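A quick write-up on the structure given underneath.
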Amino acid sequence: MLNVFPKSRPMGFSLVELMIGVAIIGILLVLALPSYKVWVQNSQIRNAAESIQNGLQKAKAEAVARNSNVAFAFTNIAAGVVADSSWNVYEVPASGIESRSAKEGSKNIRVTVIPATATTVTFNSFGTVGIPLTVPPQNADGSALFTQIKLDSAVLPAADNKALLVTIGNVSGVGSTIRMCDCRLAPNSSPSACFSTC
């Protein structure tokens, strides 16, 4: 009698095939892990820079909407220097609007504020920086305004670090334009490049 169902090979993987597959996946993970860590750190820089840019824009918009002075201030200051990317937006005098913690997706970020001792910027009811009729523009408490915030990673080497700069003002440093730019690009080489070297 003729066998209608020929013997077929069993379906599935052998132990050797499975071990080869696991070894290949392991090698790929080992090769990809350093690039993944760099990507995560650079994503944290971008998260912090976008958060600061959004906070500054919120302060500017609230100043116009409330027809009053609204300040953006870094909240974690150690020895007069900004320690992380946490901030607070409030109506002057001290009526909270919005805040952000540095724990929200931006660990290991180094924040450099220019000028170094400034920690606050105040927007007036016209949406411009500083209290009106003060020359040079200053905050409601008389302190100096910051004009630039440089963000980079505290753990990445310089070659892998994608530093970003958030600026308030135009190329001459005046006005209330809020802009984020990439420090790795040559100045004025593209729309996302900074006006000057970071």
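The values are calculated or read from the model by the stated rules, or taken from the named source; none is laboratory data. Computed from a prediction, not measured in an experiment: that's the story for all the values here. Cβ sites come from the backbone with ideal geometry, for glycine too, and all protein chains shown count toward neighbours.
On inspection, Ser101 passes the criterion of being under 13 Å from the mean Cα position of the chain (by Cα) and among the small types (Gly, Ala, Ser). Can you spot a residue in segment 24-47 that is crowded, with 19+ Cβ neighbours inside 10 Å and closer than 18 Å to Thr177 by Cβ? There is no residue in segment 24-47 that is crowded, with 19+ Cβ neighbours inside 10 Å and closer than 18 Å to Thr177 by Cβ.
Residues checked against (1) surrounded by 14 or more Cβ atoms within 10 Å (Cβ to Cβ); (2) out of contact with any Leu (no Cβ under 8 Å at 6 or more places or on another chain); (3) modelled with pLDDT under 85; (4) farther than 18 Å from Gln41 by Cβ:
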residue	(1), (2), (3), (4)
Phe74	yes, yes, no, yes
Gly80	no, yes, yes, yes
Arg100	yes, yes, yes, yes
Lys103	no, yes, yes, no
Thr117	no, yes, yes, yes
Val129	yes, no, no, yes
Asp152	yes, no, no, no
Asp160	yes, yes, no, no
Ser172	no, yes, yes, yes
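Against the condition assigned to a strand (DSSP E or B), within 18 Å of the chain's Cα centre (by Cα) and acidic (Asp, Glu), how does Asp152 come out, does it pass? So Asp152 passes the test.
Residues in segment 120-131 that are touching a residue at least 40 places away in the same chain (Cβ under 8 Å) and over 16 Å from Ile52 (Cβ atoms): 6 in all.
When restricted to residues that are within 21 Å of Ala163 (Cα to Cα), in contact (Cβ under 8 Å) with a residue 24 or more places away in the chain and not acidic (Asp, Glu), segment 78-119 contains 22.
Here's the yes/no breakdown for (1) out of contact with any Asp or Glu (no Cβ under 7 Å at 6 or more places or on another chain); (2) not small (Gly, Ala, Ser):
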position	(1), (2)
Arg46	yes, yes
Ala49	yes, no
Gln53	yes, yes
Arg66	no, yes
Phe72	yes, yes
Thr75	yes, yes
Ala78	yes, no
Val92	yes, yes
Ser101	yes, no
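Given the structure, is Asn139 touching a residue at least 12 places away in the same chain (Cβ under 8 Å), buried (at least 20 other Cβ atoms within 10 Å of the Cβ) and either among the polar types (S, T, N, Q) or closer than 30 Å to Asn161 by Cα (or both)? When the stated conditions are applied, Asn139 passes them. The number of residues in segment 179-196 that are surrounded by fewer than 11 Cβ atoms within 10 Å (Cβ to Cβ) and touching a strand residue (DSSP E or B) at 6+ places or on another chain (Cβ under 8 Å) comes to 1. Consider segment 1-23 and keep the residues that are β-branched (Val, Ile, Thr) and at pLDDT 75 or above. The one that is surrounded by the fewest Cβ atoms within 10 Å (Cβ to Cβ) is Val16.
Figure legend. Inter-residue proximity from segment 56-69: first residues closer than 18 Å to Thr147 by Cα and in contact (Cβ under 8 Å) with a residue 24 or more places away in the chain, second residues crowded, with 17+ Cβ neighbours inside 10 Å and of a type in the set (Ser, Thr, Tyr), beta-carbon distance below 6 Å, spacing 6+ or different chains. Indicated pairs: Asn69/Thr122.
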